[in-house]
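One structure below.
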């Protein structure tokens, strides 16, 4: 296909595809699917080889959220039967992090439900980071605490946090359909605050919420514009007790097309297969490794993931290797940009320089 040749060439040179090209990837037929995977796989291998980065999620605070995000089992008014608890103590969180590191995780993601952290919450997370660093000095730490206020991103960076996750989730035009207690611009603002403070930005999407192809392309193009270093791709888990409980729109083939489109639009960033991969990709998960270079190991916030041993076997059987602690995840040009951001505002260069 001429389309795929064009997209590979653009991906290898970090050139942005057109919206029409991105939409065409999502519109390819099942007969063309393996060609799409092979083409996007060339781009993935150019920037990340055959390495797979493992990430481990630690749920610091579960449930009790005042926001009404339609996809979330922790939302205001949810009747989903999940565990609800306040903050883990630093040593409890460090124990959980150690389990992930023992399984091969290179990054630990500290997540807390809620609209956003108070300054006291930031202090609590800082103590947790210190407890983790005492045991694992070199592990990457990513925080995901909701909307950030003035100065909070800077304090997290000073505490030793490497990255901040705040997903855009869906396109600006459809954001009001899934959440009314905050807006799309609030999420964009938090991603920018994290970047400005020198944190590596992690921001992605959720597919399967009833969006159109155009909406998927819109949100991925916005992520490219924000220059996120890591893009988690979540596939909706329709939790009972949430407004999206009956949404089962995804097939393994569509999930692969979405991952391929993300790879073509964001060729040199960490593309992570996140929540819902086991539910929706099912037996086609190994094919997704040709598109994404990062996965979560084990369980998610309020749902069980694939057993860690099964993940490791899948990665090896598919011909990939787990990224080591000494391996640099991002390509040199992007890793250098992250280092520049951490040195301070005013020293950053253009992302495509």
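Bear in mind that the values in this text are calculations on the coordinates, not laboratory data. Note that this is a predicted model, so its numbers are computed, not measured. Quick reminder, even Gly has a Cβ in these numbers, built from the backbone with ideal geometry, and neighbours come from all protein chains shown.
Calculated [222 nm] ellipticity per residue, helices only, for the chain: -12500 deg cm²/dmol; basis is -39500 (n - 2.57) per DSSP H run with n ≥ 4, divided by all residues, nearest 500. Relative protection proxy for 145-152, 85-92, from highest mean packing down: 145-152, 85-92 (other beta-carbon atoms within 10 angstrom).
Need one number: nm distance between label points at residue 138 and residue 64, each 7 Å from Cα along Cα→Cβ, rounded to one decimal. Placing both labels 7 Å along Cα→Cβ, they lie 3.7 nm apart. Protection proxy ranking of 215-226, 267-278, 332-343, 102-113, by the mean of other Cβ atoms within 10 Å over each peptide's residues and highest first, is 267-278, 102-113, 215-226, 332-343. Only beta bridges with both residues in the chain are counted; by DSSP, about 5 percent of them are antiparallel.
A straight chain from residue 35 to residue 115 at 0.36 nm per residue would run longer than the Cα-Cα distance by 24.6 nm.
Between residue 185 and residue 309, the C-beta separation translates, for a Förster distance of 51 Å, into a calculated FRET efficiency of about 0.75. The distance from the alpha carbon centre of segment 25-59 to that of segment 5-21 is 15 Å, rounded to a whole number.
Overall shape: oblate for segment 80-159, with the ratio a/c of the largest to smallest alpha carbon gyration tensor axis at 1.5 or above and b/c at least equal to a/b. Between the beta carbons of residue 247 and residue 333, assuming R0 = 35 Å, the FRET efficiency works out to 0.35 to the nearest 0.05. Taking all Cα pairs closer than 8 Å and separated by 6 or more residues, the relative contact order of segment 80-235 comes to 20 percent. With Cα atoms defining each centre, segment 225-266 and segment 168-215 are spaced 13 Å apart in the structure. Computed on segment 7-339, with alpha-carbon pairs under 8 angstrom and 6+ residues apart, the relative contact order is 24 percent. Starting from the Cα gyration tensor of the chain, take the square roots of the eigenvalues, sort them a ≥ b ≥ c, and report rounded, prolate or oblate (rounded when a/c is under 1.5, otherwise prolate if a/b is larger than b/c, else oblate). Because its axes are fairly even, with a/c under 1.5, the chain counts as rounded. Ranking of 209, 284, 261, 1 by neighbouring Cβ atoms within 10 Å, starting from the fewest: 1, 284, 209, 261.
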